[in-house]
Amino acid sequence: LGSYTLFNRKCKQTFGGAEVQMYLLANELSKHKDYEVSFIVRDFNQMPIEHYGRVKVIRGMKEEKRSWLNRILPKNKVRLLSAMLKSDANVYIQRSASGGTGLIRIFSWTLGRKFIYMTAHEIDCEGTFERQNGLFLGKLFQLGIRKSDAVITQSNDQKRLMKEYHNKDNPKKLSLNNTD
């Protein structure tokens, strides 16, 4: 969600390595004429849909302060689902631990689409995220990981931890069209 600055240099929000990696992946995939690439970003008051090269950038959720009210009101969840519907992707890819991992998995499953999770850190693999973020967000994150169609790790160590903690092993082959 925080990658918008990489597409639109006029936006002055900060970003990190996970955002850069997703931005680079989107741009690389967009070079292939057989792929249509959509990228959902946080709402920075930009247009609902913008195009940067062959990447369609879709405005998604607003940044919210953490509060009990924001946790129970589904406004941002509806914005996320709306953005996913606008993208109409066969495969949704998400990176970095959050409760959103589970929501994206639920939404992609509801839409009959594939979901791939990409690790960004060891805390994604061995339970630290769950312990630090409480029962609800922890279980939502676990659901996303454990029910994903595939998990891409950054190292063999993360792969081992993913297998040990989440009992998640990748399939030998993953078909990425939505008819399989």
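The values are calculated or read from the model by the stated rules, or taken from the named source; none is laboratory data. Source: prediction; values computed, not measured. Because the Cβ atoms are built from the backbone with ideal geometry, glycine has one as well, and the counts that use them run over all protein chains shown. The protein model used for the area step is the full one, side chains on, heavy atoms only, and it has no ligands, DNA or RNA in it. Shrake-Rupley method; radii C 1.70, N 1.55, O 1.52, S 1.80 Å.
Within segment 38-58, the residues that satisfy the criterion of being over 14 Å from the mean Cα position of the chain (by Cα) and open to solvent by 20 Å² or more (accessible area, probe 1.4 Å) are Asp43, Phe44, Asn45, Met47, Pro48, Ile49, Glu50, His51, Tyr52, Gly53, Arg54, Lys56.
The number of residues in segment 8-50 that are closer than 22 Å to Val91 by Cα, in contact with a Leu (Cβ under 8 Å, 6 or more places away or on another chain) and among the hydrophobic types (A, V, I, L, M, F, W, C) comes to 4. The residue that is farthest from Ala120 (Cα to Cα), among those in segment 19-42 that are of a type outside the set (Val, Ile, Thr) and either in contact with a helix residue (DSSP H, G or I) (Cβ under 7 Å, 6 or more places away or on another chain) or modelled with pLDDT under 90 (or both), is Tyr35. For segment 1-29, a residue qualifies if it is part of a loop (DSSP other than H, G, I, E, B) and either surrounded by 15 or more Cβ atoms within 10 Å (Cβ to Cβ) or in contact (Cβ under 8 Å) with a residue 12 or more places away in the chain (or both), and the qualifying residues are Leu1, Gly2, Ser3, Asn8, Cys11, Gln13, Thr14, Phe15, Gly16. Only one entry in Met22, Met61 is among the hydrophobic types (A, V, I, L, M, F, W, C) and touching a strand residue (DSSP E or B) at 6+ places or on another chain (Cβ under 7 Å), namely Met22. Does segment 58-71 contain at least one residue that is part of a helix (DSSP H, G or I) and either closer than 28 Å to His32 by Cβ or at pLDDT 90 or above (or both)? No: segment 58-71 contains no residue that is part of a helix (DSSP H, G or I) and either closer than 28 Å to His32 by Cβ or at pLDDT 90 or above (or both).
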